[in-house]
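Colleague: What follows is a single structure, and I will ask about it in a moment.
The values are calculated or read from the model by the stated rules, or taken from the named source; none is laboratory data. The shown structure was predicted, so the numbers you read here are calculated from the model rather than taken from an experiment. All Cβ positions, even for glycine, are placed from backbone atoms using ideal geometry, and neighbour counts span all protein chains on display. To get the accessible areas, we keep the full protein, side chains included, count just its heavy atoms, and leave off ligands, DNA and RNA. Shrake-Rupley method; radii C 1.70, N 1.55, O 1.52, S 1.80 Å.
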Amino acid sequence: MSQRDTLVASLRKTALTCSKVGWDGYGARAVSAATLAAALRFVTALPPDLPDPSVVADARGALSFEWYVSVFRLISVGIEPDGSLTWAAILGALCPVGQTGFLDDLPDDLLVLIHRIVDKREYDKP
């Protein structure tokens with residue numbers, strides 16, 4: 001059993017639940033097989049020292065991974081239907097955002113940001 005089995009199971013369950021148009025009752029786009037495949041590649045690229053994020057889908061058909069430490073330390077990384085990555089974070093007074101294409105390797109700046117958010121040595125700051 002691999003370290004990320006629970007995360008992969010949660011990802012597959014979310015994608016299956018949201019695989020039909022209108023899954024939210026308001027006409028949301030379906031999460032496609034291509035989006036799920038990109039999200040699985042994202043999970044594979046995560047360093048083993050990171051805690052598992054939560055997984056959510058949105059009305060655009062994207063899958064997002066969220067690390068929430070507090071209202072002052074959180075990040076959401078979306079796997080868009082076209083396979084690209086988008087992210088938005090709060091780290092104290094900073095609110096970094098970004099977008100990039102994604103194949104198999106996570107951008108260094110995104111990894112540094114995720115590590116800063118989940119690092120227990122960082123202090124919550126308003």
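Colleague: Collect residues whose amide H, placed 1.01 Å from N in the peptide plane, falls under 5 Å from the amide H of ALA30; neighbours closer than 5 in sequence don't count.
Modeller: VAL21, GLY22
Colleague: Probe of 1.4 angstrom, ligands and nucleic acids ignored: what's the accessible area per residue over the chain, in square angstrom?
Modeller: Values: 7130 Å² over 126 residues.
For the chain, the per-residue accessible area is 57 Å².
Colleague: What's the extension gain from ASP108 to VAL71 if we count 0.36 nm per residue and subtract their Cα-Cα distance? Numbers along the way, then the final one.
Modeller: On the way: separation 37, 0.36 × 37 = 13.32 nm, distance 2.39 nm.
In short, 10.9 nm is gained.
Colleague: Provide the per-residue ³J(HN,Hα) series for region 27-34, in order, calculated from phi with Karplus coefficients 6.51, -1.76, 1.60 and θ = phi - 60°, each as a whole number of Hz, with x at glycine and proline positions.
Modeller: Along region 27-34, the couplings run x, 4, 5, 6, 6, 7, 4, 5 Hz.
Colleague: Taking the 0 to 90 degree range and rounding to the nearest ten, how far is the long axis of helix 5-17 tilted relative to the main principal axis of the chain, both from C-alpha atoms?
Modeller: The angle comes out near 40 degrees.
Colleague: Report the label-to-label distance for GLN99 and ASP49 in nanometres (one decimal), using points 7 Å from each Cα along the Cα→Cβ vector.
Modeller: Label-label distance for GLN99 and ASP49, simple model: 3.2 nm.
Colleague: Percent of accessible area on the chain owned by carbon and sulfur, 1.4 Å probe?
Modeller: 59
Colleague: Along the charge dipole of the chain, Cβ charges K/R +1 and D/E -1, which of ALA28, TRP87, PRO51 sits furthest on the positive end?
Modeller: The residue sitting most towards the positive pole is ALA28.
Colleague: I need the phi-derived Karplus couplings for region 61-76: 6.51 cos²θ - 1.76 cosθ + 1.60, θ = phi - 60°, integer Hz, Gly and Pro marked x.
Modeller: Along region 61-76, the couplings run x, 8, 10, 10, 10, 10, 10, 10, 9, 6, 5, 9, 9, 7, 8, 10 Hz.
Colleague: With charges only on Cβ, +1 for K and R and -1 for D and E, what is the dipole size of the chain about its Cα centre, in debye, rounded to 20?
Modeller: 320
Colleague: Still on this model: How large is the charge dipole for region 5-71, taken about the Cα centre, if only the Cβ atoms of Lys, Arg (+1) and Asp, Glu (-1) carry charge, to the nearest 20 debye?
Modeller: Taking the Cα centre of region 5-71 as origin, the dipole is about 340 debye.
Colleague: Using the alpha-carbon atoms, what tilt in degrees (0 to 90, nearest 10) does helix 108-118 show relative to the longest principal axis of the chain?
Modeller: Computed tilt is about 70 degrees.
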